1. So if R0 is 25 Å, what FRET efficiency would Thr54 and Ile16 give, r being the distance between their Cβ atoms, rounded to the nearest 0.05?
2. With a sphere of radius 13 Å drawn around the Cβ of Asp14, what net charge do the other residues whose Cβ falls strictly inside it have (Lys, Arg +1; Asp, Glu -1)?
Amino acid sequence: MALTEEDLKTILEDGIDPENPGKYQTLLKDLQGNILNGHGRDHIVHLFLQFKQTENR
């Protein structure tokens, strides 16, 4: 089963449970890891932050 545009939009909202990926199993199997270049450095750290919008601002 192919993923729809709506499926891909809800990934950001709901996330994917790595223990039970369901319909995202094919997507995760085909996902390429380690694609960020270290720019010639021996060691590098990438920090990814995600902020969720709250009702109280």
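1. Details: r = 22 Å, r/R0 = 0.90.
That pair, Thr54 with Ile16, gives E of 0.65.
2. Numbers: positive: Lys9, Lys23, Lys52; negative: Glu6, Asp7, Glu13, Asp17.
Every neighbour counted, the sum reads -1.
No lab work stands behind these numbers, since they all come straight from the coordinates. These figures come from a predicted structure and were not determined experimentally. Virtual Cβ from ideal backbone geometry, glycine too; neighbours counted across all protein chains shown.
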